1. Is segment 234-345 best put as rounded, prolate or oblate by its Cα gyration tensor, with a ≥ b ≥ c the root eigenvalues, rounded for a/c under 1.5, and otherwise prolate when a/b is larger than b/c, oblate when not?
2. Simple spin-label model, 7 Å along Cα-to-Cβ: Glu125 to Thr64 in nm?
3. Using 1/(1 + (r/R0)^6) with R0 = 56 angstrom and r between the beta carbons of Arg250 and Val161, what's the FRET efficiency to the nearest 0.05?
4. Identify all lysines with a Cα-Cα distance to Lys79 below 18 Å; exclude those on the same chain that are fewer than 8 residues away in sequence.
5. Apply the Karplus curve 6.51 cos²θ - 1.76 cosθ + 1.60, θ = phi - 60°, to the phi angles in segment 89-100 and return the couplings in whole Hz, x for Gly and Pro.
6. Return the distance in nm (one decimal) between the two label points of a simple spin-label model at Thr180 and Asp279, each offset 7 Å from Cα along Cα→Cβ.
7. Taking neighbour Cβ counts within 10 Å as the exposure measure, how do Thr31, Thr185, Thr314 sort from fewest upward?
8. What FRET efficiency comes out for the pair Thr314/Glu72, r = Cβ-Cβ distance, R0 = 25 Å, nearest 0.05?
Amino acid sequence: MASVRVIHRVQRTPTGHVRAGMSVENNTVNTVLGPVPAEELGVVSVHGALLSVVPGAEYAFDVTLDRAEIFETLAARLKDFRAHGGGTVVDSTGMFHGRDVRLYETLARTTGVHIVASTGQGPEEMLGGYFLTPQTNPPTPWPADRFADLFTKEVTEGMVVPRVERRGPAGLVATTATRTGMTATDESLFRGAARTALRTGVALSVRHGSDAVHDLGVVLDERLPADRVVVGGLDRRDAVDAGAPLEIARRGAYAALDHVGVADRDHITDAERAVLVADLVRAGLGGRVLLSSGATGVAKGHPGNDLPYSNVLTTFVPLLRKQGLSDEETRRILVDNPRELLSVR
């Protein structure tokens with residue numbers, strides 16, 4: 001798409017290890033290869049996954065993890081994204097869902113696509129017992145500060161690579177609420193994630209449960225500025241029917257419509273998404289809209305979203321043009337908004 005194509009250089013920052021207390025200049029973004037200037041991000045796929053593995057699936061008899069095959073699959077998908085004008089992919093899956101920092105480093109060097117990886121956990125049902133039942137009497141979930149300490153180290157000291165080693169810094173802290181409604185453990189996760197964002201300057205990505213506005217309120221209660229938060233899943237039909245995208249954007253947070261290309265009973269159609277984006281832009285809220293297809297590069301132990309990372313560029317941008325969005329308005333959504341969100345502050 002010529003109107004949104006961005007020429008960007010491949011960042012060659014050596015990986016090394018991130019030192020505790022390492023400072024990051026403003027207007028940079030933490031990638032798996034280290035901090036890069038925010039203006040180099042280009043078009044950003046802001047919500048998605050590279051390698052997504054349900055915890056424990058690697059031990060299943062019918063699941064194989066062929067690293068060479070996974071690399072080739074992901075490299076082809078990232079090269080396709082770059083060929084269509086893409087610059088950066090954000091893996092927003094957090095700590096224990098297949099995140100492979102060494103693999104991501106190699107992919108970034110090979111394909112020229114910046115990769116931003118995330119720390120964080122959630123929802124409650126996806127946590128292991130270690131995080132749910134620490135040795136207290138009676139057993140209780142981890143408090144918010146303990147989650148914050150865990151996530152903060154992944155930003156300031158580097159992301160954990162089993163068993164002990166740490167690599168590049170996380171560029172985002174991400175967490176998810178239980179679909180039927182935020183639990184007490186989810187709230188502890190949300191508050192811990194918000195405190196991490198406050199301490200480190202990286203942005204917070206949340207996927208809401210049954211009430212997006214309520215869930216945003218929990219992290220704002222931690223005094224995290226709204227413009228440091230993106231709320232995902234706002235193209236779910238229940239969220240749209242409740243007016244959540246407009247309200248989230250009005251409160252100053254980023255509203256992510258991150259299922260572009262997905263058409264099922266739970267989500268609105270692409271035609272409806274395009275109208276919603278146009279409505280938000282006409283309401284003066286174009287600076288608070290983010291788009292993604294929520295693509296999964298490789299999924300193990302669960303069905304992935306097989307859409308290409310380039311899907312927004314190839315299929316959705318034309319729909320935005322039909323709604324009357326200018327190239328400048330489209331660029332703001334695909335380039336400027338994610339750049340501002342991901343910049344370390």
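Coordinate-derived values only; no laboratory data. Note that the structure is a prediction, hence the values are computed from the model and not measured. With ideal geometry, Cβ positions are generated from the backbone for all residues, glycine too; neighbour counts draw on all protein chains shown.
1. Working: a/c = 1.38, a/b = 1.30, b/c = 1.06.
Rounded.
2. Result: 3.0 nm between the two label points.
3. Values: r = 41 Å, r/R0 = 0.72.
Plugging the Cβ-Cβ distance into 1/(1 + (r/R0)^6) gives 0.85.
4. Candidates past the 8-residue exclusion: nothing left.
5. 10, 9, 8, 9, 8, x, 7, 10, 10, x, 3, 10
6. 3.0
7. Working: Thr31 26, Thr185 22, Thr314 14.
Ordered by Cβ neighbours within 10 Å, fewest first: Thr314, Thr185, Thr31.
8. Details: r = 22 Å, r/R0 = 0.87.
That gives a FRET efficiency of 0.70.
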